[in-house]
Amino acid sequence: MLHFPFYEETLETDALAPSAYLRLRRESAGLSVREAAARLAPTNNNLDRAMSLIQRLETPGRKALFRSTIGDLARAFPLDPAVYWQLADEPAERHPRICRSCGCSQQDACVCEDCAPAARPLDRLAVLTGLAAFALIPGRALFHLLIGATS
């Protein structure tokens with residue numbers, strides 16, 4: 001699924017490499033490479049291999065060979081595999097907008113002060129706009145959906 005670019009006023013527009021996205025998401029989770037590797041490695045015997053894998057994937061110009069690798073990383077720290085693969089496989093004009101402070105997109109929870117105030121109130125509106133739901137929802141129901149109220 002391609003993610004629509006939201007929050008233009010708060011997020012960078014330049015292309016972001018998938019390696020940089022992984023680094024931003026790991027760092028925003030407050031994890032060092034070693035700590036992330038410990039979450040990834042089933043035993044301490046595999047810790048060095050896991051550290052090496054993370055370091056390679058965070059090296060500019062490198063990308064994962066297998067989708068399962070990114071799925072495993074998503075269990076070690078918060079990231080959206082769909083965003084990663086969009087950055088890796090799609091041309092730059094189809095990349096989602098991503099915060100350069102924490103790596104959030106419209107699919108990732110924001111954890112930084114640079115984009116959180118602007119992004120949080122727009123979340124429901126952005127999803128509805130991206131789905132073109134305004135045309136499908138009557139005015140009152142849309143209002144209640146946007147403010148989180150129930151009818």
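Quick check: residue separation of residue 15 and residue 48 times 0.36 nm, minus the Cα distance between them. What number comes out in nm? Kindly include the intermediate steps, with their values, before the conclusion.
On the way: separation 33, 0.36 × 33 = 11.88 nm, distance 3.09 nm.
Extending this stretch completely gives an extra 8.8 nm.
Please give, to one decimal in nm, the separation of the simple spin-label points placed at residue 35 and residue 113, each 7 Å out from Cα toward the Cβ.
It is 2.0 nm.
Quick one: net charge around residue 47, please, counting Lys, Arg +1 and Asp, Glu -1 for every other residue with C-beta under 13 Å from its C-beta.
That sum, taken over residues with Cβ under 13 Å, equals +1.
Using packing as a proxy for protection, rank 37-48, 81-92 so that the peptide with the highest average count of other Cβ atoms within 10 Å comes first.
81-92, 37-48
Here, each number is a calculation from the coordinates, and none is a lab measurement. What you see is a predicted model, and the numbers here were worked out from it, not measured in a lab. Note that we place each Cβ from the backbone using ideal geometry, even for glycine, and neighbour counts take in every protein chain shown.
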